[in-house]
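Before any comments, here is the structure.
The values are calculated or read from the model by the stated rules, or taken from the named source; none is laboratory data. Just so you know, these numbers come straight off a predicted model, no measurement behind them. Using ideal geometry, Cβ is built from the backbone for each residue, glycine included, and neighbour counts are taken over all protein chains shown. Ligands, DNA and RNA are stripped out before the accessible areas are found, and what is left, the full protein with its side chains, is counted by its heavy atoms. Shrake-Rupley method; radii C 1.70, N 1.55, O 1.52, S 1.80 Å.
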Amino acid sequence: MSDDETRRGRQWIAGSAVAFGMAALLLPFAGPAPLDLARVWAHEEPDWSILVYLRVSRTLLGLFGGAALALAGSLFQSMLRDALATPYTLGVSTGASLGAVVAIAFGWHVNAGIAGVWAGAFGGAAVVLVLVVAAATRQRRVSAFGLLLAGVATNSVCTALILLVHGFAGMSESFAITRWLIGSLDAVEYSALGVYALAVVLLAVLIVRQARFWNLLAVGEAWAATRGARVTGLLFTGYVSGSILAAATVALTGPIGFVGLVVPHVVRARVSADDRVLMPCAFFLGGVLLA
């Protein structure tokens, strides 16, 4: 990039980060009923509990959930050279949804609480991740086309299985499955939210630090290889990182799909197609949009 483009990119990243921070500060005070700030400051009920245990938790989940989905979407679009790629394209998010639906159908959401649904979601995502990587690997090499083909096929199978399980579930389980499949930003415990946010930040740093190589892969695997990129390692790292981001988000929010497709396209069209700028901006703006 030229000096002007570099400066403009840094300005966009800084502005997106500021918007992310402002959303974290202001959105908890937006709701169906105003909060009495004096009562909040004095830790008086119910205003204090509404702010701390409901609105702040949901806002943070929206910020980090949207950031994770938007970053995973921009990663998959560059890695697979497919403008329509989303966190659901490679099947892991749908696998997580299938695992959660199976957990609800077997009553784990009653016996183990939300942790049972989370366990089912991560289990389904892990199974799909292994299957897709195995199907896309030939002679210890992973190809972007193989990942895309295996992911689309797995996504279709998982979607069909979700409908099958939903159809055989009992009445109460069927309602619970329908509600979960809508997707939502419900308040979660801060311990779970802290672990999730830490995982999202660490994976985001890992992905953004390799933005130069994602730019090379966006041109082509052969081009990237001639420029010193280890294509197989990059594809594997990108797939696993994006899948973890998507699966962890689905486990907490249910299937929310539009962020991973829309935000990277908007940033690419309005800001820059350079992943060194696109990915950080998509991360911050995706969080703001969902929250």
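Quick check on the chain: helices-only [θ] at 222 nm, where DSSP H runs of length 4 and up contribute -39,500 (n - 2.57) each and the sum goes over total residues. Nearest 500, please.
Mean residue ellipticity at 222 nm (helix-derived): -25000 deg cm²/dmol.
Sorting PHE168, PHE145, PHE213 by accessible area (1.4 Å probe), largest first, what list results?
PHE168, PHE145, PHE213
Round to a whole angstrom and tell me the spacing of the C-alpha centers of region 201-244 and region 117-189.
24 Å
Provide TRP214, TRP41 ordered by accessible surface of protein heavy atoms (probe 1.4 Å), highest first.
Ranking TRP214, TRP41 by accessible area, largest first, yields TRP41, TRP214.
If you take every residue apart from ALA218 with its C-beta less than 14 Å away from the C-beta of ALA218, what net charge results, scoring Lys and Arg +1 and Asp and Glu -1?
+1
For ASP275, ASP36, write out the residues from largest to smallest accessible area, computed with a 1.4 angstrom probe and no ligands counted.
Largest accessible area first, the residues go ASP36, ASP275.
Which whole-Hz ³J(HN,Hα) couplings does region 83-100 yield from phi under the Karplus relation 6.51 cos²θ - 1.76 cosθ + 1.60, θ = phi - 60°, glycine and proline marked x?
5, 9, 5, 9, x, 9, 4, 8, x, 5, 4, 5, x, 5, 4, 4, x, 5
Report HIS166's accessible area, 1.4 Å probe, all protein chains in place, as a number in Å² to the nearest 10.
About 50 Å², ignoring ligands and nucleic acids.
What are the ³J(HN,Hα) couplings of region 268-275, residue after residue, when phi is run through the Karplus curve with 6.51, -1.76, 1.60 and θ = phi - 60°? Round to Hz, x for glycine and proline.
5, 6, 9, 10, 6, 8, 6, 4
Please turn the phi angles of region 15-23 into ³J(HN,Hα) values with the Karplus equation 6.51 cos²θ - 1.76 cosθ + 1.60 (θ = phi - 60°), one per residue in order, whole Hz, x for glycine and proline.
Once θ is set to phi - 60°, the couplings for region 15-23 become x, 5, 5, 5, 4, 4, x, 5, 4 Hz.
Could you give the nm distance between label points at VAL205 and ARG39, where each point is 7 Å from its Cα heading toward the beta carbon?
Label-label distance for VAL205 and ARG39, simple model: 4.1 nm.
On a full-extension model of 0.36 nm per residue, what is the gain between ARG10 and GLU189, subtracting their alpha-carbon distance, rounded to one decimal in nm?
Separation in residues times 0.36 nm, less the Cα-Cα distance, equals 61.0 nm.
Just grab the label-to-label distance for ARG140 and THR159, each label 7 Å out from Cα along the Cβ direction, in nm (one decimal).
3.7 nm
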